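The values are calculated or read from the model by the stated rules, or taken from the named source; none is laboratory data. What you see is a predicted model; the values in this text were computed from it and never measured. Cβ coordinates were reconstructed from backbone atoms using ideal geometry, including for glycine residues, and neighbour counts include every protein chain displayed. Remember, those area values only see protein heavy atoms, side chains included, never the ligands or the DNA or RNA. Shrake-Rupley method; radii C 1.70, N 1.55, O 1.52, S 1.80 Å.
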Amino acid sequence: GKALSVTFTNRPAFVATLAAKIPVPHISLEVEVDIAFGGMWYAIVDLESEHNMKIKAFDAIRGLQASAAGHIVRLGEMIKVATRENHPVQHPDMNYPGPDILAFRCTPATGSDCHGRNAVVMSTGELDWDEPSTWKGNIDRSPCGGGTSAVMAMLHARGKLGLNEPFRHESILGTVFEGRLVAEASVGRGIPAVVPTITGSAWITQMTTVVLDPTDPFPEGYTLGDIWAS
């Protein structure tokens with residue numbers, strides 16, 4: 001047989017802050033951001049919240065269409081870095097500061113059977129506010145297991161998602177994960193948390209053999225500055 005999907009149980013997910021107002025350079029209004037942990041720290045931006053609907057910079061990315069990817073990564077990196085600078089967070093049980101990932105979210109595409117749509121923006125270099133060429137990143141091809149976990153924790157904290165309710169989440173490419181909160185938990189000193197499961201599919205795209213020659217002067221690779229963000 002062949003596995004068509006796999007379900008994994010994530011570590012407890014929880015919310016650090018709801019509706020933080022973050023000043024972001026070059027965006028006229030403060031951005032409303034939820035910060036939640038779902039395996040990584042996510043700054044979650046609901047493009048359709050009452051506050052964020054007023055932000056004209058978001059008009060170009062509403063609906064989270066693939067054609068707006070350039071605008072999405074630029075705004076996503078800017079908001080994530082501004083959130084980390086203005087509202088840093090720290091995991092209570094390990095040395096893990098954040099946020100380090102950003103998730104834009106909105107209602108799903110027309111005709112979709114999903115409950116939400118997202119675009120998860122990941123860094124490809126270090127953002128420099130004085131160098132606009134560094135205001136860029138990449139977008140996950142999937143709805144992101146950690147991002148879906150963080151979004152479900154946020155929805156649970158807002159009273160919008162209960163335990164054992166399915167949550168189908170689509171990415172900017174239309175790929176889908178199904179999440180579910182299976183239990184309540186706690187982290188640190190009694191911080192409320194939830195235990196998420198994520199169900200999805202994956203495909204083998206490459207098989208690679210890496211060879212390390214004892215005479216190679218750079219067996220662990222090399223870096224030449226911040227090439228990605230240049």
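What the table below lists for this structure:
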item	result
Strands (runs of 3 or more DSSP E) fully within the range 65-147 counting 2 or more residues that are open to solvent by 30 Å² or more (accessible area, probe 1.4 Å) and either touching a Phe, Trp or Tyr at 6+ places or on another chain (Cβ under 7 Å) or of a type outside the set (Lys, Arg) (or both)	116-123, 137-139
Residue, modelled with the lowest pLDDT, within the range 194-216, restricted to residues that are open to solvent by less than 100 Å² (accessible area, probe 1.4 Å) and in a loop (DSSP other than H, G, I, E, B)	202
Output for the range 47-62, where each listed residue is open to solvent by 60 Å² or more (accessible area, probe 1.4 Å) and either touching a residue at least 60 places away in the same chain (Cβ under 8 Å) or closer than 11 Å to residue 105 by Cβ (or both)	48
Test: residue in the range 183-193 that is under 21 Å from the mean Cα position of the chain (by Cα) and either exposed (fewer than 12 other Cβ atoms within 10 Å of the Cβ) or of a type in the set (A, V, I, L, M, F, W, C) (or both)	yes
Considering residues of the range 1-44 that are of a type in the set (S, T, N, Q) and open to solvent by 40 Å² or more (accessible area, probe 1.4 Å) only, the residue nearest to residue 91 (Cα to Cα)	9
Filter pass, residue 67 being touching a residue at least 12 places away in the same chain (Cβ under 8 Å) and out of contact with any Leu (no Cβ under 8 Å at 6 or more places or on another chain)	no
From the options 158, 168, residue that is within 18 Å of residue 35 (Cβ to Cβ), at pLDDT 95 or above and open to solvent by 20 Å² or more (accessible area, probe 1.4 Å)	158
Residue within the range 72-80 that is in contact (Cβ under 8 Å) with a residue 24 or more places away in the chain, farther than 19 Å from residue 171 by Cβ and not small (Gly, Ala, Ser) present	yes
Residues being in contact (Cβ under 8 Å) with a residue 60 or more places away in the chain and either of a type in the set (A, V, I, L, M, F, W, C) or closer than 18 Å to residue 156 by Cβ (or both) - total across the range 12-46	22
Qualifying residues in the range 146-172 (those that are within 17 Å of residue 9 (Cβ to Cβ) and polar (S, T, N, Q)) - the one farthest from the chain's Cα centre (by Cα)	164
